[in-house]
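Data first, discussion second: the structure below is written as structure tokens.
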Amino acid sequence: MQMTLRWFGSKHDSVTLEQIRQVPGVKGVITTLYDTVPGEAWELEDIRALKREVEAAGLKIAGIESVNISDAIKIGSPEREEHIDNYIKTLERLGQEDIHMVCYNFMPVFDWTRTELARKRPDGSTVLAYNQAAIDAIKPEEMFDSIKNDSNGHVMPGWEPERMAKIKELFEMYKDVDNEKLFANLKYFLERIMPTCDKYDINMAIHPDDPAWSVFGLPRIIINKENILRMMKMVDNPHNGVTFCSGSYGTNLENDLPDMIRSLKGRIHFAHVRNLKFNSPTDFEESAHLSSDGTFDMYEIMKALYDIGFDGPIRPDHGRMIWGEVALPGYGLYDRALGATYLNGLWEAIEKSNKR
Ligand code: DNO
């Protein structure tokens, strides 16, 4: 595996490439071009400039998170043809620049959903948290307002104000899209892009829906073992793979994470590894990565990745806000650096005990 950290670009991130480079074992970043619009093609020159910047700091781009999918592609409206053509252009350009992993999601309207961005834990740290009762008590259009004051002045990815302003319209657009339609539209998209992925050896890594159930009545399909295996079979090409995100699949306590990892051998192209602490099945908070701070056995998760021969990029995921840091919620430097170091330690121990 290659340990990485997510980096939001010099215009948006409070964490610098120089800082990331000093986290032991981190040789690459996961990033994206932030001023792009889903449905439009990325310019080759912009990709090159991003790559130059990362490489000048002694790091590599280990993959893109995300090349976002437009609503037209998810809904299956006529503009999807042009949007998929543009997506293919972006993939070709990334491939030409030697970038071979692309993370994306197929969630309608919202990307990941949390109800609090700064819940206080007993140790004084603050963390992202989710409470189903809080969601049930509000309307989707109130979601953005309920979290905006917690975001330390940063625009949260997937929660851009322009997008939130159109929220009613977005719900209307998805009104005829159910789970089956969403699966069909995902299949259509993947079949169109696979020849390009084969040509440039690009691993597509779908991110799970977070939380792994329907929110505000919207369809959600990337939520459990059955559905993800259905997706792998539906377009049975090794370039059609997944981002295994323990914190997202793990929101549903019925998902057996190590078992899911083992069932996806050869198809996990990217891993997000973090822990959650459950207070009840519908209320959880993002604890420190350490097993004893949360609900998951992180050793078993890393061991399953090791056992299937996972060799792609991995990153610690949302960290707590600690030591007075002010940063994009979930994406400060300190706790993610602790997370990376812990995961590296687990991996080293697993590797050495297996060679004996
Ligand atoms: C949240 C992230 C997601 C993820 C997208 C992938 O912190 O894990 O926003 O980047 O769903 O497209």
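Since every read-out is calculated from the coordinates, none of them should be taken as a lab result. For clarity, every value in this text was computed on a predicted model and none was experimentally measured. As a convention, Cβ positions derive from the backbone with ideal geometry for all residues, glycine included, and neighbour counts pool all protein chains shown.
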Would you be so kind as to identify which of 131, 99, 86 lies farthest towards the positive end of the dipole of the stretch 84-209, taking Lys and Arg as +1 and Asp and Glu as -1 on Cβ and the Cα centre as origin? 131
Residue-by-residue Karplus 3J(HN,Hα) for the stretch 168-174, coefficients 6.51, -1.76, 1.60, Hz, glycine and proline x: 5, 4, 5, 4, 4, 4, 8
Using modelled backbone amide H atoms (1.01 Å from N, in-plane), which distant-in-sequence or interchain residues come within less than 5 Å of residue 6's amide H? 30
Would the stretch 117-168 count as rounded, prolate or oblate if I go by the C-alpha gyration tensor, calling it rounded below 1.5 in a/c and otherwise prolate when a/b exceeds b/c, oblate otherwise? oblate
Quick check on the chain: of the DSSP beta bridges with both residues there, what percent are antiparallel, nearest 5%? 30
Could you go through the stretch 111-126 in sequence order and give the Karplus-derived ³J(HN,Hα) for each residue, using 6.51 cos²θ - 1.76 cosθ + 1.60 with θ = phi - 60°, rounded to whole Hz, and x for Gly and Pro? 7, 4, 10, 10, 9, 9, 9, 8, 6, 7, 9, x, 7, x, 6, 10
Can you tell me the FRET efficiency between residue 55 and residue 176 if r is taken as the Cβ-Cβ distance and R0 is 35 Å, rounded to the nearest 0.05? 0.15
For the stretch 3-86, which GluC sites (Glu not before Pro) are in a loop by DSSP, counting at most 16 other Cβ atoms within 10 Å? 40, 43, 79
When the Cα centres of the stretch 132-188 and the stretch 43-73 are compared, how far apart do they sit, in Å? 25
222 nm [θ] for the chain, helices only, -39500 (n - 2.57) per DSSP H run of 4+, per residue, to 500? -11500 deg cm²/dmol
What is the set of long-range amide H partners of residue 39 at a cut-off below 5 Å, with H atoms built 1.01 Å from backbone N? 70
With 30 Å as the limit, write out which pairs from 27/89; 277/303; 27/181; 89/166 have Cα-Cα distances beyond it, or answer none. 27/181
GNM result for the chain, Cα springs below 10 Å: residue of 84, 138, 221 fluctuating most strongly: 138
A 23 angstrom limit on the alpha carbon distance is what I want to check against. Which of 74/168; 199/233; 11/139 exceed it? 11/139
Amide H contacts under 5 Å for residue 272, placed H, 5+ residues apart: 244, 245, 246, 315
Can you tell me the FRET efficiency between residue 118 and residue 79 if r is taken as the Cβ-Cβ distance and R0 is 25 Å, rounded to the nearest 0.05? 0.10
Could you tell me which chymotrypsin sites (Phe, Trp or Tyr not before Pro) in the stretch 25-119 are loop residues by DSSP with no more than 15 other beta carbons within 10 angstrom of their beta carbon? 34
Can you give me the distance in nm between label points at residue 253 and residue 233, each placed 7 Å from the Cα along the Cα-to-Cβ direction? 3.0
In Å, descending, principal axis extents of the Cα set of the chain: 52, 47, 39
Residue-wise, which Karplus ³J(HN,Hα) couplings in Hz belong to the stretch 222-230, taking 6.51 cos²θ - 1.76 cosθ + 1.60, θ = phi - 60°, and x for glycine or proline? 9, 10, 7, 4, 4, 5, 6, 5, 4
Compare the Cα positions of 173, 4, 224 along the charge dipole of the chain (+1 at Cβ of Lys, Arg; -1 at Cβ of Asp, Glu; about the Cα centre) and return the one farthest towards the positive end. 4
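On a full-extension model of 0.36 nm per residue, what is the gain between residue 163 and residue 352, subtracting their alpha-carbon distance, rounded to one decimal in nm?
63.3 nm
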Run the dipole for the chain about the Cα centre, Lys and Arg Cβ at +1, Asp and Glu Cβ at -1, nothing else charged, and hand back the magnitude in debye, nearest 20. 860
Placing +1 at every Lys and Arg Cβ and -1 at every Asp and Glu Cβ, with all other atoms neutral, what dipole size does the stretch 39-92 have around its Cα centre, in debye to the nearest 20? 280
